[in-house]
Protein chains: 2
Amino acid sequence: MPLPQTEAPGRLQSELMSRGLRMTHQRRTILTVVETAKQHLDAAQILRQARRLDPGIDRVTVYRTLSLLKRHGLIDELDLMHMQGEKHFYERRPQRDHIHMACLRCGKIAEFESDLFDRLKGQIQRECRFHIVVSRLEVGGYCAECRASN
Amino acid sequence: MPLPQTEAPGRLQSELMSRGLRMTHQRRTILTVVETAKQHLDAAQILRQARRLDPGIDRVTVYRTLSLLKRHGLIDELDLMHMQGEKHFYERRPQRDHIHMACLRCGKIAEFESDLFDRLKGQIQRECRFHIVVSRLEVGGYCAECRASN
DNA sequence: CTTAAGTTGAAACCCAGTTGCAATAGATTA
DNA sequence: TAATCTATTGCAACTGGGTTTCAACTTAAG
Ligand SMILES: [Mn+2]
Ligand SMILES: [Mn+2]
Ligand SMILES: [Zn+2]
Ligand SMILES: [Zn+2]
């Protein structure tokens with residue numbers, strides 16, 4: 001069952017519309033999936049979720065929409081240490097960047113915001129005269145639980 | 001022409017041998033390539049270089065050796081923002097971690113060591129009780145030259 | 001030298017992501 | 001509202017980076 005077009009646009013959607021991009025039914029669906037995701041989703045998961053709202057949607061449209069969102073800086077692409085396969089994960093770009101920690105034993109992903117991280121980016125921009133558009137800090141290791149139960 | 005086996009072993013090589021791993025001719029060749037690389041190389045580049053020393057070497061052996069080195073923490077795997085294709089790049093793990101900056105316009109890769117980065121990792125280990133095994137900070141943006149000539 | 005386990009190359013395979021193209025659907029204009 | 005123009009879509013074929021399988025071959029130990 002297609003989404004009603006009366007649906008209130010989310011932030012991603014209004015962001016794209018304000019940039020003069022065509023708002024298609026498929027895009028609206030994919031944006032909704034990304035916007036309401038509770039964890040980091042890969043392209044296949046996004047496709048599956050999107051198909052529950054609009055069964056006709058094709059995976060190529062998911063990939064195209066993800067690149068569009070990436071190009072516009074509205075989502076971030078993550079590797080999450082490529083713990084199984086080479087796929088990438090996506091999340092709405094947050095107001096403030098965060099770090100991703102991937103446990104190499106249990107696979108759990110944790111997030112962490114840090115003032116030190118913000119300062120580090122500031123240092124890079126100043127000392128390297130490098131204008132940062134996107135940044136990704138991912139660490140792999142062992143979480144507290146996995147270290148305990150060992 | 002195969003490398004003479006009298007060749008003095010590099011750090012990677014002696015590290016692997018000290019861990020009781022079999023030192024084959026192919027591994028020696030690949031280790032030499034990685035060890036003497038002047039830039040970040042992807043698997044295909046490593047294969048090409050290795051074949052110049054030992055033409056019979058197969059790409060599957062390159063991939064297997066790279067995973068071996070990764071598993072032993074002797075090399076780091078980088079995305080470098082996946083600026084063309086989905087390939088990965090490799091470098092010998094340095095004594096001190098560094099940050100990679102990829103210019104989205106000219107493609108240049110710069111490296112940067114920072115005390116703030118070391119402190120940030122310390123903070124993560126302490127405050128998140130997360131034992132870091134590997135860390136990767138990559139930023140994409142615009143280098144000084146590209147910002148000037150625009 | 002013999003032996004046993006680890007490693008190799010070749011070929012087939014896998015999977016995430018991309019490309020080409022004709023049909024379709026947004027947005028704009030009249 | 002209808003015509004128009006152009007961006008977007010779905011499908012199918014394709015690409016590229018990396019992996020699996022397995023028989024033949026090395027390596028290191030004894
Ligand atoms: Mn990657
Ligand atoms: Mn996140
Ligand atoms: Zn864990
Ligand atoms: Zn540049």
Take every DSSP beta bridge with both residues inside the protein assembly as shown and express the antiparallel ones as a percent of the total, to the nearest 5. 80 percent
Only helical DSSP H runs with n ≥ 4 go in: add -39500 (n - 2.57) per run for chain B, normalise by residue count and round the 222 nm mean residue ellipticity to 500 deg cm²/dmol. -12500 deg cm²/dmol
Segment A:80-150 - share of DSSP beta bridges that are antiparallel (%, nearest 5): 50 percent
Can you give me the three principal axis dimensions of segment B:90-150 from its C-alpha atoms, in Å, biggest first? 45, 24, 16
Take every residue in peptide A:111-124, count the Cβ atoms of other chains within 10 Å of its Cβ, and give the average of those counts. 5
Taking only Cα atoms, what is the 0 to 90° angle, nearest 10, from helix B:43-53's long axis to the longest principal axis of chain B? 30 degrees
List, in the order given, every pair from A:87/B:87; A:121/B:121; B:38/B:108; A:70/B:108; B:70/B:108; A:87/B:38 whose Cα-Cα distance in the structure shown is over 18 Å. A:70/B:108; B:70/B:108; A:87/B:38
Could you tell me which of B:132, B:26, B:63 has its Cα farthest along the dipole of chain B towards the positive end, charges placed at Cβ (Lys, Arg +1; Asp, Glu -1), taken about the Cα centre? B:26
To the nearest 10 degrees, how steeply does helix B:115-127 sit against the main Cα axis of chain B, on a 0 to 90 scale? 90 degrees
FRET efficiency for residue A:148 and residue A:64, Cβ-Cβ distance as r, R0 = 30 Å, nearest 0.05? 0.10
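Rounded to two decimals, what is the ratio between the C-alpha radius of gyration of segment A:11-148 and 2.2 N^0.38 Å?
Working: Rg = 16.7 Å, N = 138, 2.2 N^0.38 = 14.3 Å.
Scaled against compact globular proteins, the figure is 1.17.
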Between residue B:112 and residues 5 or more places away or on another chain, which pairs have amide H atoms under 5 Å apart, with H built 1.01 Å from N, and which residues are they? B:99
Can you pull a Stokes-Einstein diffusion coefficient for the protein assembly as shown at 20 °C (1.002 mPa s), Rh from Kirkwood over Cα pairs, as a whole number of µm²/s? 99 µm²/s
So for segment B:11-148: antiparallel DSSP bridges make up what percent, rounded to the nearest 5? 70 percent
Step through the residues of segment A:25-35 one at a time and calculate ³J(HN,Hα) from phi using the Karplus curve (6.51 cos²θ - 1.76 cosθ + 1.60, θ = phi - 60°), rounding each to whole Hz and writing x for Gly and Pro. 4, 4, 4, 4, 4, 5, 4, 4, 4, 5, 5
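None of the figures in this text is laboratory data; all of them are computed from the coordinates on show. Computed from a predicted model, the values in this text were never measured in an experiment. Here Cβ is always computed from backbone atoms with ideal geometry, including for glycine, and neighbour counts include all displayed protein chains.
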